[in-house]
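Before any comments, here is the structure.
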Amino acid sequence: MLDLKVLLELEAYLNEHVIMELEVCKSSEIMEESLEENSLRFELNDFIHKNRKPTLQEKLFQIIDQRGALDTEIYKKAGLDRKHFSKIRSKSDYRPKKNTILALALALELSEEATEELLETAGYSLSNSDTNDLIFKFCINKKIYDRFEVNEYLVHFNLTPIGSSI
């Protein structure tokens with residue numbers, strides 16, 4: 001026959017240890033989740049670090065420097081005002097409109113590939129489904145970099161010209 005006192009002590013002991021065991025299991029599950037989360041964060045940071053490309057600002061001013069051009073020369077040729085160009089230069093997170101970048105690409109006399117790279121830094125691309133983009137591609141491939149001439153083609157197709165109204 002079981003001693004009631006010992007049985008009560010045994011139940012208390014088991015309850016204490018089973019709860020502790022559950023707590024240990026829960027804390028180890030939490031630790032595993034935390035380790036997985038930290039591992040994912042590390043992988044994400046590593047992925048970003050390995051795949052990050054220059055920003056629009058970095059790429060644009062790198063091209064300007066490589067060309068040995070003056071900022072004033074470029075923004076005037078692109079039809080931008082000093083204030084707008086200054087915003088592009090000073091705010092790394094500023095994302096100008098696509099036509100602004102295209103005007104800068106014309107001013108810098110970039111190839112289609114270099115124009116695509118510059119556009120990509122701001123999350124844009126040239127599309128073969130867009131008349132505006134096709135006109136720019138055509139002009140760039142024909143080395144027509146004069147903004148006024150490109151605007152004439154844009155206006156001819158009832159599109160918005162680029163320049164001071166960007």
What are the residues in the range 60-96 that are within 14 Å of LEU106 (Cβ to Cβ) and touching a Lys or Arg at 6+ places or on another chain (Cβ under 6 Å), if any?
GLY79
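Residues are listed down the side, and each one gets a yes or a no for (1) of a type in the set (A, V, I, L, M); (2) over 16 Å from ARG147 (Cα atoms); (3) in contact (Cβ under 8 Å) with a residue 12 or more places away in the chain:
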residue	(1), (2), (3)
ARG41	no, yes, no
LEU44	yes, yes, no
LYS59	no, yes, yes
ASP65	no, yes, no
ALA69	yes, yes, yes
HIS84	no, yes, yes
ALA103	yes, no, yes
GLU109	no, no, yes
Considering only the range 154-166, I want to know if a residue exists there that is surrounded by 12 or more Cβ atoms within 10 Å (Cβ to Cβ) and of a type in the set (Phe, Trp, Tyr).
no
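Any read-out appearing in this document is the output of simple, stated calculations on the displayed coordinates, not a laboratory observation. Remember, it's a predicted structure, so these values are computed and weren't measured experimentally. Using ideal geometry, Cβ is built from the backbone for each residue, glycine included, and neighbour counts are taken over all protein chains shown.
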